[in-house]
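What follows is a single structure, written as C-alpha cells, with notes after it.
The values are calculated or read from the model by the stated rules, or taken from the named source; none is laboratory data. Please read these numbers as outputs of a predicted model, since none were measured by experiment. Every residue, glycine as well, gets a Cβ built from its backbone with ideal geometry; the counts of neighbours run over all protein chains shown. Heavy atoms of the whole protein, side chains included, go into the accessibility calculation; ligands, DNA and RNA do not. Shrake-Rupley method; radii C 1.70, N 1.55, O 1.52, S 1.80 Å.
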Amino acid sequence: MVDTQVKTSWWRRHWVGPLAVLVLAFVAFSLPRYLTLDPAQSRVPEPVGHGWHYPFLVGHVVFGSVAILTCVLQIWPWLRRAHPAWHLRAGRVYVFGGVLPGGVLAVAVGAVSPFGPVNQVGNVLMGLLWLGTTVAGYRMARQKRYADHRRWMVRSTALTLSIITNRFWAVGLGLTLPAQLDTTFGGSEVALVQAIAGTSAWMGWVLPFLAVEWWLDRGRARRRQPVAAPDRVRVGA
C-alpha cells in the first residue's frame, strides 16, 4: 500500500514555511553579534564579578541557534515520514549539539542574570525543564516508545521556540510599561527594566508550555473517546 500521506502532507502543513522563515529571521538577527566575540555588542550586560558570563552567553547563543534551527526539521511531519534517517540525524544534532550544551549554559547564565531575581528564577527553571524534556524524549526514542517520544519532544520544542515569544513579550511590555515609570515603579528605571525582563522571561515559556500541554491532553482525550456503534437497520416487517 502506498503511503499517500508521505507524498502530499508536506505542502499541507501550512505552518512549516512561516515557522521556518520566523526562525531563520530570528537567528539572523540574534546570532551574528555574538560571533564577533565582542562583549560590547552583547545585549546582556556582564554581571559584576562574573567574568565567565560572556563566554558562556556566547556558547549558549550558538548552541541555542543550532537547537532552534534543527527543531524545525524535527517537527516537520513530512521529513519524519519520508526521510526517517534524516530525522534521526537532525534529532541527534538537536539533542547533543543544541539543547544539552545550550541548556547547561542557559542555567549557568540565567542564575546570574543582571535583570533581577525574577528573571533569574524564570530562566533557570526554563533551562532545567528544557534539559529534562529533551532527555526524556531522547530516552523514549531509545526505548522505541515513539508516541511518548513525540510528546516529550513537542514539549522540548515549545521551550526551544519560547525564546521567540519571550522577545515578543519584551517588546510589548517595553512599549507599554514605561508610561508607568513615575507611578508604578517610583521613577526607578532599574525596577522598570527588571519588571520587563522578569515578566517576559516567565510569560515567554510558561504560556507556550501550558498551550502545548493542553493540546497534548486534548489529543489524548480524543483518542480515548469510544467509537459509537452504528445504528442497526431492521429489514422487513
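Values as computed for the structure displayed
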quantity	calculated
Residue in the stretch 139-157 that is touching a Leu at 6+ places or on another chain (Cβ under 8 Å) and hydrophobic (A, V, I, L, M, F, W, C) present	yes
Qualifying positions in the stretch 16-44 - over 26 Å from GLY116 (Cβ atoms), in a helix (DSSP H, G or I) and of a type in the set (A, V, I, L, M)	VAL16, LEU19, ALA20, VAL21, LEU22, VAL23, LEU24, ALA25, VAL27, ALA28, LEU35
Residue within the stretch 168-188 that is in contact (Cβ under 8 Å) with a residue 60 or more places away in the chain and either closer than 30 Å to ARG80 by Cα or assigned to a helix (DSSP H, G or I) (or both) present	no
Some residue of the stretch 42-62 being over 16 Å from TRP130 (Cβ atoms) and either among the basic types (Lys, Arg) or within 14 Å of the chain's Cα centre (by Cα) (or both)	yes
Residue ID - most open to solvent (accessible area, probe 1.4 Å), chosen from residues in the stretch 94-109 that are under 15 Å from LEU69 (Cα atoms) and of a type in the set (A, V, I, L, M)	LEU100
Hits in the stretch 46-76 (condition: more than 30 Å from ALA147 (Cβ to Cβ) and open to solvent by less than 70 Å² (accessible area, probe 1.4 Å))	PRO47, HIS50, GLY51, HIS53, TYR54, LEU57, VAL58, GLY59, HIS60, VAL61, VAL62
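One line per residue, one yes/no per condition, for (1) under 18 Å from VAL154 (Cβ atoms); (2) more than 15 Å from the chain's Cα centre (by Cα):
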position: PHE96; (1), (2): no, yes
position: GLY103; (1), (2): yes, no
position: ALA106; (1), (2): no, no
position: SER113; (1), (2): no, yes
position: PRO117; (1), (2): no, yes
position: GLY127; (1), (2): no, no
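Okay, residues lined up against (1) crowded, with 17+ Cβ neighbours inside 10 Å; (2) touching a helix residue (DSSP H, G or I) at 6+ places or on another chain (Cβ under 8 Å); (3) among the hydroxyl-bearing types (Ser, Thr, Tyr); (4) farther than 19 Å from GLY219 by Cβ:
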position	(1), (2), (3), (4)
THR134	yes, yes, yes, yes
GLN143	no, no, no, yes
ALA147	no, no, no, no
ARG155	yes, yes, no, no
ILE163	yes, yes, no, yes
ASN166	yes, yes, no, yes
TRP169	yes, yes, no, yes
ALA179	no, no, no, yes
